[in-house]
Amino acid sequence: IASSEYGVPNHITYVTFLRVCSHLIPEESPIRINVICSVFKKCCQDGQVNGLVLRLLKNTLSREDLYNEIGPCEMDMDGNWKLSTIPKEWKRNIKEVKKRPYKRRKLTKKGSQIMQ
């Protein structure tokens, strides 16, 4: 991931790669935990940890492996980690995309849209 000619990995890159690993490496394989934990450590080093990365880890690893990897972080009512409790350096390079407000469009009698 790190030596790509297409640019530096972001949180989407890590989520995608972790998802591929979780689907293609058999659950009973000892390599699975090592690969997923190594990718997560690199994600932390790059400051690209977000809610999607944490949720994927939660769904992929056992509670014991999660605790060993992440440590004691606070969870919300749904059992997800609170992003505010993970180290700031893990998420320092996350760039949030602001959603554009939804604009309703009016329809003419023939069904074509009128721009507002």
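Just so it is clear, none of the values below were taken in a lab; they were calculated from the coordinates. No experiment lies behind these values; they were computed from the predicted model shown. Counting neighbours? That spans all protein chains shown, and the Cβs are built from the backbone with ideal geometry, glycine included.
Kindly provide the GluC sites (Glu not before Pro) of the stretch 1-80 that DSSP labels as loop, not H, G, I, E or B, and whose Cβ sees at most 16 other Cβ atoms within 10 Å. Those that pass, being in a loop and sparsely packed, are GLU5, GLU27, GLU28, GLU74. Separation between the MET75 and ILE94 pseudo-spin-labels, each 7 Å from Cα along Cα→Cβ, expressed in nm? Here the modelled spin labels are 1.8 nm apart.
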